[in-house]
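See structure below.
The values are calculated or read from the model by the stated rules, or taken from the named source; none is laboratory data. From a predicted model like this one, the values you see are computed outputs, not experimental measurements. With ideal geometry, Cβ positions are generated from the backbone for all residues, glycine too; neighbour counts draw on all protein chains shown.
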Amino acid sequence: MTASQPAKETSTPARPKLAFRPLPVPQVDVRGFWGDRVDAVAARTAGILYDRCVEARMLEQIDPDRPSPGIVIPFHSPSPDEAGEQGAEFTGSTVTTQMFWDSDWGKTIETAAYSLYRRRNSELEKKIDAVIEMYEKLQQEDGYLSSWYQRIQPGLRWTNLRDCHELYCAGHLIEGAVAYYQATGKRKLLDIMCRYADHIASMFGPEPGKKKGYCGHEEIELALVKLARATGEKKYMELAKYFIDQRGQQPHYFDEEARARGADPKAYHFKTYEYNQSHKPVREQDKVVGHAVRAMYLYSGMADIATEYGDDTLRVALDRLWDDLMTKSLYVTGGLGPSAHNEGFTSDYDLPNETAYAETCASVGLVFWASRMLGMGPNARYADMMERALYNGSISGLSLDGSLFFYENPLESRGGHHRWKWHRCPCCPPNIGRMVASIGSYFYGLADDALAVHLYGDSTARFEIAGRQVTLVQTSNYPWDGAVAIEVGPEAPVAFTLHLRVPSWSRKAALRVNGKLVDLEAATVDGYAAIRREWRQGDKVELDLEMSMARLFANPQVRQDIGRVALARGPLIYCVEETDNGGGLHRIALPREARLEARKEPNLLGGIVTLSAIGSRAETEKWGHDLYRSEPPAAEETTVRAIPYFAWDNREPGEMLVWLREG
């Protein structure tokens, strides 16, 4: 970090105590890198999601004017590679993903909503309006709404929260409703889901006579917070808090629920409540365990409640869990959950590359969690990881044109791993779709007298602070370039603090306000530079970040990465592909002294920066047919060319590798 004379308006800032909330999507316009991705979702992904839901017969299940389709996806015993999201126990130890189709509709509606804000599409809007009308017709008089329990398994509502995603589906529909209202102004679905949320509140809670349950797949907690913020109704926030507080309490609700339906509580496919993070009350948890997506959703909900209620007991637990994940169980790409068996965590430092599960939804969930931790105040430890998960482990799940998807995101491939059109368990396509379409809400956090800039890139934000309307315009070619120009445009002079993240990956940074150099060391707390001043129309802030290149090494306890190196530039993790480097990527070695060069390639993969270096490749031609020899293989010099990990598998099929041998 560069040292300089401090500007007059800066001083060592106090640690923020205010709650920072994300700006709604319609208040942020993104351009550049993220604008291209939002455009791809708006132009292709949103429509594809709807069409594939229809092709899967999901529309038939929610339409009360048609006969019930019955079981479309047959029940079956879970195989090892279908465990977790697809492997929860259902009656008779059988499972189906059809029971959570409502969640796929909820995420599809949410993706469409933000896409409609970005790019008006009357045909898509008409289709989504028709889906909403079906849900309106389907909703029962008491507010209950579940296509599975109303159309496929009637009479069994609220009997198996552990396995059957009832509240999870409600949560995703609520999030879809809030998004559709914010993006289009239409509140039909919002009113529907308010009635459903009121029904849920009448069924669950600490009061006598109410069920003491919570969902086996966390999600509704996040949704209720969004609903409370959108409607101003505190009762929805209280319900979210109840679900967080009640989780894992004794007597264990899932045990009592199983006995009530005549089942043995021990006849549970995963044998442990660590799978759904209900093994302990949340404030006692200190290790990230179980199904990765469920864990990320739970911690996101905890962070929301910690922010809204100023609950330091939750914050302490969250920091313990954050440290556990960051130091023992996270891929360098921001991917998480190495095992296909439970779609989640195994043991400390178990991070296989070729068999990495690293579900797209899990990395998206990490973005959710990190962004919500920022609600308690700007802190680069969370924002830096949010950025890494965004630029690497999550958007790798979507092809550059927005049409194909990864469910798993390995860090090594022999050439057989490719994106697919759809999936038996289609949770990831709409999850990555809705996150990309709403990316503007992750850029900024607004408090009563402060704005935090968490992410950089071409964008315009509109917000009100201290009773004044303010427009903030970012101009930058980020993440390819580290120069960020910000122009602040209040309608009238207004005092507030502007917090700017200084990423830990940048070795040098410089900050200027209206051309005057700011002492970053004096102005920075928790990785954010704080500028407190009265802002006037045309005030300009310039942040120059060195887009540092780095060799990354894993903890020696990660046995798969001993003697290996990963490459990074700025927030991006890089990989090598066969199409650039030929086959046999495992034979390539990169000497520690090799000089890395960054090169702008505007005509490659939509315009990227590649990394290259001189390495070596073990020869096979002179080896012959022997399997083993007493002499090492000869090596030849080769040029190693690496591309950003998010862009792999967008050209000719072939091998891919993140961790290169060092030698």
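A few notes on this one:
- Ser300 vs. criteria modelled with pLDDT of 95 or more and more than 21 Å from the chain's Cα centre (by Cα): no
- Unmet requirement for Leu411, which otherwise passes all of (1) at pLDDT 95 or above; (2) surrounded by fewer than 22 Cβ atoms within 10 Å (Cβ to Cβ); (3) more than 12 Å from the chain's Cα centre (by Cα): (2)
- Yes/no for Leu145 being in contact (Cβ under 8 Å) with a residue 40 or more places away in the chain, buried (at least 18 other Cβ atoms within 10 Å of the Cβ) and outside any helix (DSSP H, G or I): yes
Each row is one residue, and each column tells you yes or no for (1) of a type in the set (A, V, I, L, M, F, W, C); (2) within 28 Å of the chain's Cα centre (by Cα).
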position: Ala461; (1), (2): yes, yes
position: Arg468; (1), (2): no, no
position: Thr471; (1), (2): no, yes
position: Ala483; (1), (2): yes, yes
position: Ile486; (1), (2): yes, yes
position: Gly489; (1), (2): no, no
position: Val494; (1), (2): yes, no
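- Filter pass, Ala177 being without any contact (Cβ under 8 Å) to a residue 40 or more places away in the chain and assigned to a helix (DSSP H, G or I): no
- Exactly one residue out of Glu284, Glu274 is surrounded by fewer than 16 Cβ atoms within 10 Å (Cβ to Cβ) and of a type in the set (Asp, Glu), and it is Glu284.
- Test: residue in the range 507-519 that is within 27 Å of the chain's Cα centre (by Cα) and either in a loop (DSSP other than H, G, I, E, B) or of a type outside the set (A, V, I, L, M) (or both): yes
- Check on Ser504, modelled with pLDDT under 95 and within 29 Å of the chain's Cα centre (by Cα): no
- Of all the numbered requirements in (1) modelled with pLDDT of 95 or more; (2) not in a strand (DSSP E or B), Glu621 misses one, and that requirement is (1).
- Among the candidates Asn160, Asn121, residue that is out of contact with any His (no Cβ under 7 Å at 6 or more places or on another chain), modelled with pLDDT of 95 or more and surrounded by fewer than 19 Cβ atoms within 10 Å (Cβ to Cβ): Asn121
- Annotation: Asn392 fulfils all but one of (1) touching a strand residue (DSSP E or B) at 6+ places or on another chain (Cβ under 7 Å); (2) outside any strand (DSSP E or B); (3) closer than 24 Å to Pro24 by Cβ; the unmet one is (3).
- Residue check for Glu408: outside any helix (DSSP H, G or I) and outside the structural domain of Glu655 (by TED's automatic domain parsing): yes
- Among the conditions (1) surrounded by fewer than 16 Cβ atoms within 10 Å (Cβ to Cβ); (2) touching a residue at least 40 places away in the same chain (Cβ under 8 Å), Asp323 misses just one, which is (2).
- Positions within the range 113-158 being under 30 Å from Asp39 (Cα atoms) and of a type in the set (A, V, I, L, M, F, W, C), in sequence order: Ala113, Leu116, Leu124, Ile128, Ala130, Val131, Ile132, Met134
- Annotation: of all residues in the range 577-618 being assigned to a strand (DSSP E or B) and of a type in the set (D, E, K, R), the one that is surrounded by the most Cβ atoms within 10 Å (Cβ to Cβ) is Glu577.
- Here no strands (runs of 3 or more DSSP E) wholly within the range 420-489 include at least 3 residues being surrounded by fewer than 24 Cβ atoms within 10 Å (Cβ to Cβ) and basic (Lys, Arg).
- Remark: pairs (first residue in the range 20-46, among the hydroxyl-bearing types (Ser, Thr, Tyr); second residue surrounded by fewer than 18 Cβ atoms within 10 Å (Cβ to Cβ); Cβ separation under 8 Å; 6+ apart in sequence or on different chains) = Thr45/Ser403.
- Conditions (1) over 14 Å from Tyr456 (Cα atoms); (2) outside any strand (DSSP E or B): number failed by Ile531: (2)
- Members of the range 330-350 that are within 15 Å of Ala295 (Cα to Cα) and in contact with a Pro (Cβ under 8 Å, 6 or more places away or on another chain): Pro338, Phe345, Thr346
- Count of the range 218-258 residues which are farther than 21 Å from Tyr275 by Cα and in contact with a strand residue (DSSP E or B) (Cβ under 9 Å, 6 or more places away or on another chain): 2
- Yes/no for Gly87 being in contact with a strand residue (DSSP E or B) (Cβ under 8 Å, 6 or more places away or on another chain) and either modelled with pLDDT under 95 or farther than 25 Å from Lys211 by Cβ (or both): yes
- Yes/no for Gly377 being closer than 11 Å to Ile432 by Cβ and either at pLDDT 95 or above or touching a Lys or Arg at 6+ places or on another chain (Cβ under 6 Å) (or both): no
- Only residues that are hydrophobic (A, V, I, L, M, F, W, C) and within 28 Å of the chain's Cα centre (by Cα) were counted in the range 255-278, giving 1.
- Taken as a whole, the condition of being more than 21 Å from Pro24 (Cβ to Cβ), assigned to a loop (DSSP other than H, G, I, E, B) and at pLDDT below 95 does not apply to Glu354.
- Hits in the range 624-663 - residues which are aliphatic (A, V, I, L, M) and part of a strand (DSSP E or B): Ala635, Val640, Ala642, Ile643, Met656, Leu657, Leu660
- The number of residues in the range 183-200 that are under 25 Å from the mean Cα position of the chain (by Cα) and surrounded by 22 or more Cβ atoms within 10 Å (Cβ to Cβ) comes to 4.
- Among the residues of the range 153-174, the one identified as of a type in the set (D, E, K, R) and in a helix (DSSP H, G or I) is Glu166.
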